[in-house]
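The values are calculated or read from the model by the stated rules, or taken from the named source; none is laboratory data. These figures come from a predicted structure and were not determined experimentally. Neighbour counts run over all protein chains shown; Cβ positions are idealised from the backbone, glycine included.
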Amino acid sequence: MTKRLFHGTANYSLKSFLDNGVQKRYRSYLDKDAFCTATKFQEAAFFALRKTPINDLTQTGIVLEFQGKNMVKEIDYTSTEDKRAIRHESEIAIFNTNKIKLIAYWKYDKGWKRICLN
């Protein structure tokens with residue numbers, strides 16, 4: 001599979017992603033470590049906005065855009081959802097983070113603007 005994937009996060013997290021790469025976390029609903037992404041930009045944008053500090057709206061969250069290449073379902077990723085979530089999130093859980101590359105990020109400034117990396 002070659003696919004664009006999105007991840008909404010706080011704007012200050014960009015430096016960590018650039019310096020340290022993608023970090024997986026334990027997901028109890030999968031019973032394993034994974035990095036959560038979405039196939040839909042709008043889904044990641046929702047999470048980016050949730051990561052915006054209410055006391056400083058100038059620090060709007062960002063959406064990271066990844067390119068996934070040569071990914072094999074159930075080995076490198078799976079489609080999933082956290083049944084405890086309030087809404088359906090269309091999640092793609094990445095198990096092999098070496099198969100994804102951060103290619104751009106999106107910042108909100110009177111609309112979402114794509115900023116290419118490299």
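The residue that is modelled with the highest pLDDT, counting only those in the range 71-88 that are surrounded by 15 or more Cβ atoms within 10 Å (Cβ to Cβ) and within 12 Å of Arg27 (Cβ to Cβ), is Thr78. Residues of the range 12-22 include none that is farther than 21 Å from Asn118 by Cα and either modelled with pLDDT of 95 or more or part of a loop (DSSP other than H, G, I, E, B) (or both). Filtered by the rule that a residue be of a type outside the set (Gly, Ala, Ser), surrounded by 15 or more Cβ atoms within 10 Å (Cβ to Cβ) and out of contact with any Asp or Glu (no Cβ under 8 Å at 6 or more places or on another chain), the range 28-38 gives Leu30, Phe35. Among the criteria (1) exposed (fewer than 13 other Cβ atoms within 10 Å of the Cβ); (2) closer than 17 Å to Lys101 by Cα, the one Val22 does not fulfil is (1). Pairs please, first residue from the range 89-118 and of a type in the set (Asp, Glu), second anywhere and in a strand (DSSP E or B) and at pLDDT below 95, Cβ atoms under 8 Å, 6+ apart in sequence or on different chains. Within 8 Å, the pairs are Glu89/Ala38; Glu91/Cys36; Glu91/Thr37; Glu91/Ala38; Glu91/Ser79; Glu91/Thr80. For the range 66-80, the criterion of being part of a strand (DSSP E or B), β-branched (Val, Ile, Thr) and closer than 14 Å to Ala104 by Cα is satisfied by no residue at all. The single residue among Lys113, Lys107, Lys101 that is outside any loop (DSSP other than H, G, I, E, B), over 16 Å from the mean Cα position of the chain (by Cα) and either within 17 Å of Lys15 (Cα to Cα) or charged (D, E, K, R) (or both) turns out to be Lys113. Residues of the range 23-58 that are in a loop (DSSP other than H, G, I, E, B) and within 13 Å of the chain's Cα centre (by Cα): Gln23, Lys24, Thr39, Lys40, Lys51. Being under 17 Å from Phe6 (Cβ atoms) and touching an Asp or Glu at 6+ places or on another chain (Cβ under 8 Å): is that true of Glu65 here? For Glu65, the condition - under 17 Å from Phe6 (Cβ atoms) and touching an Asp or Glu at 6+ places or on another chain (Cβ under 8 Å) - is not met.
Of all residues in the range 88-118, which are more than 14 Å from Phe17 (Cα to Cα) and small (Gly, Ala, Ser)? Matches in the range 88-118: Ser90, Ala93, Gly111. Residue by residue through the range 44-70, note down the ones that are crowded, with 20+ Cβ neighbours inside 10 Å and among the acidic types (Asp, Glu). Residue satisfying the conditions is Glu65 alone.
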